[in-house]
Amino acid sequence: MLSHSKDFATIRNLINNFITMDIETIVINNQIIPYLICAFDGVNYIQSFGLNQEVLFAKFIKGLLTFFKGRSKILTVYAHNLSGFDGIFLLNHLIKFGTVEPLLFNGKLITIKIKLDIEGEHYGKTIIFKDSYLILPNSLRKLAIIFKTTEVKGVFPFKLKNISYNGAFPRLNTFINLTLNEYLSIKQEYKHKTWNFKTEALKYCKLDCLILFEILTQFNELVFNQFTINIDKVLTLPALSMRIFKTHFMPEKTVYQIHGKVANNIRESYSGGAVDVFIPHNKIGTYSISNVFRKLWSYDVNSLYPFVMYTKPMPIGLPTAFEGDITKVDSNAYGFFYCKITSPSFLEHPILQRIIKTSEGIRTIAGLGTWIGWIYSEEMYNAIKYGYSFEIIKGYTFEKGELFKSFIDKLYNLRLEYPKGHPMNQIAKLIMNSLYGKFGMRDEITKMEIYNSLTVEDQAILSSVLDLYDSTITDILELENHTLIVRNSLTDLTYNEKEDFFHGPEVNVAIASAVTAEARIHMSQFKNNPKFHLYYSDTDSIVIDSPLPDSMIGSALGLMKLEHIIDKAVFLAPKVYALITDSGQEIVKVKGLKHDAISKLHFSDLETLLIQDSTREFTQEKWFKSITKGTINTSDVIYTLKATSNKRQAVYIDGIYENTTPYFYNQIELVNNIYLPPVINGGFHNLFLFKILLMR
Amino acid sequence: MGHLVKINYEDKKLFIEYLSERLTILSDSYVTHPISQMSFSYIIKTGKCLDENRTLLLQDYSDKNLTVHNFNNMNLPITMEPSKYGEIRISNTIDNGETIIRYMVVNGDKTYQIDVCNNGMVNKVTILGKINLSWIDTKINLDDSSFKREIGKSTLYFLDGEIFLQKLQLNAKSFKRFRHHKKPNK
């Protein structure tokens, strides 16, 4: 088996059947412009340099053709972040070389396939561009460290805008995320040399190709040695995880495809983890005077989703539809039920959440009241213990069965077998966590099709296509003798008359919904618990004011891990908080802000936002991508962090955000898009919690 | 839809009625896809077919004076009492390790074969003839008249002649297993 980079030399001499590529860009007039493209096949590099985009891409494609070896007809090219970057530029330029088939999923360009239509020996051959980031979702720099590549990723002055520059080593402010010491050390190497933009860019770009090649080769070897699966068969990490599951762990005739109405119904029970602020800070007494803080403990569950997949039964077998109250004939009926749900009249931490329309937009809120909706049976039985009541109207029952035990067992043991720094440890973690979501994938996909529109015949075909797809078309774009159509597609779903079922992608939202629901059930033990006060909770973590008993702590799946003991804490909103730990470490998390902006924030900055109506602004560069136009533009955007509210009702005392209470759904839910103001006005003007507002 | 049925030319109307009955039995109440085409294969013979071959077409499909369960336009009695199905013509006891009391009950043109098993807890009912429809009724509670009926892919639960729960097993395609790759791609 290949272990780390030491064995890489032997691999490097082999001809791997994939290529790695990278595009370097500069920003001109707020537009990101490619100027260099390199690719590597494990032995040779190709490169294309210059600002003329047509020439740049044409030379690159021509260079790629030299990688076709022998009778091989397919070339696979990996770019790290194809979907978010390289692919956006590539797509438009590829059209001139053949028939292009891009694949979009959730608005993301997952892969681009081109069947070459150029005269000569390469006619009819195929190039497939894939995104390695979708298989290894980490930055190349981090991956290089995890996979211990032979070379470390280089640094480059991305803010230098002159590609003809030749002179002294660029200034520190042209580099991003480089410390002064690192800068000085690199500068020292150029003490007696001139620094040439093109030479250095080539070196940097080729190095990225080499590093990505080494990482993918190692990754392929490690995955193959463990699971006898080649990574080129999949496009994403969840797909790899599913392939491993289906090859080695899935029992025959256990998991069935769920589509159509059944899937739509069950999907209504499918939501993620509960993230809520319960108590906004840990200061005791009057905020402006007191300097006393209550000690807090922050815990994470070890691999929460793998834990519930390992220990809890899953809905397997064929669904059975029912109408009526199933519990009258089976008090332990298992499945997904459509019910009239009534919460207790008051519960400090409601444990059932709903996705509802509010005047602020669509929100997932754990509130109180009566509503009708779909729920996973086990979440229902758990809620009954907390005083919820249910009237079951209809639903689907499933068999209860063990499904993921051997899969999680294998991957968890791999994590124990390999030390934390070993890539296999990381790979096992990624594969283990990526499986369940694949079951919950929607069966609708976005299709992008490119049609010729030059001749009358072409235009007639195009016209009939437009008629055929009609309202499913979401975008049409003219590109030089071609027309690109983006449409939502369910066409892979076909009805099998003989056997009376829909045949489509292998998805089963019941399993995905059961996994997330079981995780919420597990976390519900920390809510409404008289043994401690709950300040904040995320999908798999809690912050409380008392240590948990030792019996709950450990390294095993599902046990709790102490993350921090906290001296000072401010929780402004889900995923917006600041902590100072007992060791003096300052931790600031603000969802939506980039590392650069967060690094300038301190505990005290978030603390001042506890004051009613206070705000803070941040400027951050944002990219505006257009797949259809093939451009990426940048623009500075102002983010305002301010007091608004969307998950629980804020309680202000003397102008300080002191506490929260659950909402009653009838106060905040929009019915048929009409906002119904509450009958009783008490505190409703305080409805707005903290929210990040985007201002252009 | 069925096997060869012998009819005379003048039986056209009866035959269409028979087909529509047959069709409703074959289709499932939860399936809503339309029938796109029907194929008939036939052969014309000289002479007339006898009445005994035509009995199928002459059935009276209406069961009167009974609380009924409408299964695809066919009325089935909601009861576990054989005597309420109609007139009991024969009853005998069969002992194959388990004691079964078999009733032959006639109501109109329907003949029911009701096998009462498990000390009256389970009835296996078959409508004899070409319709050949059968189901199983099982008592849920000894204290009341509740029972469940498993018919086709459906299960219905009755209490006092009313359906209080119905279930239908849905069909779906199972996930396919993948094969291992024999060698790494290099």
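Worth a mention:
- Efficiency of FRET from Cβ geometry, A:T370 and A:N291, R₀ 45 Å, rounded to 0.05: 0.50
- Antiparallel %, DSSP beta bridges [both residues in the protein assembly as shown], to 5: 95
- Global size of the protein assembly as shown as Cα Rg and Dmax, reported in angstrom: 34.0, 115
- Each label was represented as a point 7 Å from its Cα along the Cα-to-Cβ direction; for B:V122 and A:K385 these points are 3.6 nm apart.
- Peptide B:160-167 has a mean shielding of 4, counted as Cβ atoms of other protein chains within 10 Å of each residue's Cβ.
- Take the Cβ atoms of A:E457 and A:K594, set R0 to 56 Å, and the FRET efficiency comes out at 0.65.
- Cβ-derived FRET efficiency at R0 25 Å, B:S134 paired with B:K12, nearest 0.05: 0.25
- For the pair B:I90 and B:V106, the difference between a 0.36 nm per residue extended length and the Cα-Cα distance amounts to 4.8 nm.
- Inverse of mean 1/r across different Cα pairs in the stretch A:5-231, Kirkwood, Å: 18.7
- Computed extension gain for A:K69 through A:E151, at 0.36 nm per residue and net of the alpha carbon distance, reaches 26.8 nm.
- Among the listed pairs A:K96/A:K125; A:K312/A:K575; A:K589/A:K642; A:K142/A:K405; A:K161/A:K203, those beyond 21 Å (Cα-Cα): A:K312/A:K575; A:K142/A:K405
- Partners for A:K233 among aspartates and glutamates (Cα-Cα distance below 19 Å; same-chain residues under 8 apart left out): A:D41, A:E101, A:D131, A:E214, A:E221, A:E506
- Only helices enter this figure: runs of n ≥ 4 DSSP H residues, each worth -39500 (n - 2.57), summed and divided by the residues of chain A, yield -8000 deg cm²/dmol at 222 nm to the nearest 500.
- D (Stokes-Einstein, µm²/s), Kirkwood Cα radius, the stretch A:510-552, 1.002 mPa s at 20 °C: 186
- Spin-label zone in the stretch A:161-183 - amide nitrogen under 16 Å from a point set 7 Å from the Cα of A:L51 along the C-beta vector: A:161-166
- Aspartates and glutamates with Cα under 16 Å of A:K561, excluding same-chain neighbours fewer than 8 positions away: A:D300, A:D538, A:D540, A:D545, A:D550
- Average partner coverage of A:243-256, which counts Cβ from other chains inside 10 Å: 3
- Integer Hz, Karplus 6.51/-1.76/1.60 couplings in order for the stretch B:150-157, x for Gly and Pro: 9, 9, x, 8, 9, 10, 10, 10
- No disulfide-compatible partner, judged by a Cβ distance under 4.7 Å, exists for the following cysteines of chain A: A:C209, A:C339.
- Each distinct pair of alpha carbons in the stretch B:68-168 adds a 1/r term; the inverse of their mean, the Kirkwood radius, is 13.9 Å.
- Values of log10 I(q)/I(0) for the stretch A:305-433 across q = 0.10, 0.12, 0.21, 0.23 Å⁻¹ run -0.48, -0.65, -1.13, -1.24, by the Debye formula with one identical scatterer at each alpha carbon and no solvent.
- Ellipsoid equivalent to the stretch A:187-226 - semi-axes via the Cα gyration tensor, in Å: 34, 10, 4
- Per-residue shielding of B:145-153, expressed as the average number of other chain Cβ atoms within 10 Å of the residue Cβ, stands at 1.
- Gap separating the Cα centres of the stretch A:396-418 and the stretch A:109-179, nearest whole Å: 36
- Between A:S464 and A:A58, full extension at 0.36 nm per residue minus the direct alpha carbon distance yields a gain of 142.9 nm.
- Between helix A:456-469 and chain A there is an angle of about 10 degrees, using the helix long axis and the longest principal axis of the Cα atoms.
- √(5λ) per eigenvalue of the Cα gyration tensor, the stretch A:16-86, largest first, Å: 24, 13, 9
- Legend: distances between Cα atoms for A:K69/B:K176; A:K357/A:K447; A:K600/A:K622; A:K153/A:K591; B:K153/B:K173; B:K12/B:K48; pairs beyond 25 Å are A:K69/B:K176; A:K357/A:K447; A:K153/A:K591.
- Here B:K139 is the anchor, and the aspartates and glutamates within straight C-alpha reach of less than 12 Å, apart from those fewer than 8 places off in the same chain, are B:E81, B:E150.
- Listed cross-link partners A:K253/B:K167; A:K73/A:K198; A:K283/A:K647 are compared with a 28 Å cut-off, the Cα-Cα value being larger for A:K73/A:K198.
Bear in mind that the values in this text are calculations on the coordinates, not laboratory data. Predicted model only: the values in this text are computed from it and were never measured. Positions of Cβ are generated from backbone atoms using ideal geometry, with glycine treated the same way; all protein chains shown enter the neighbour counts.
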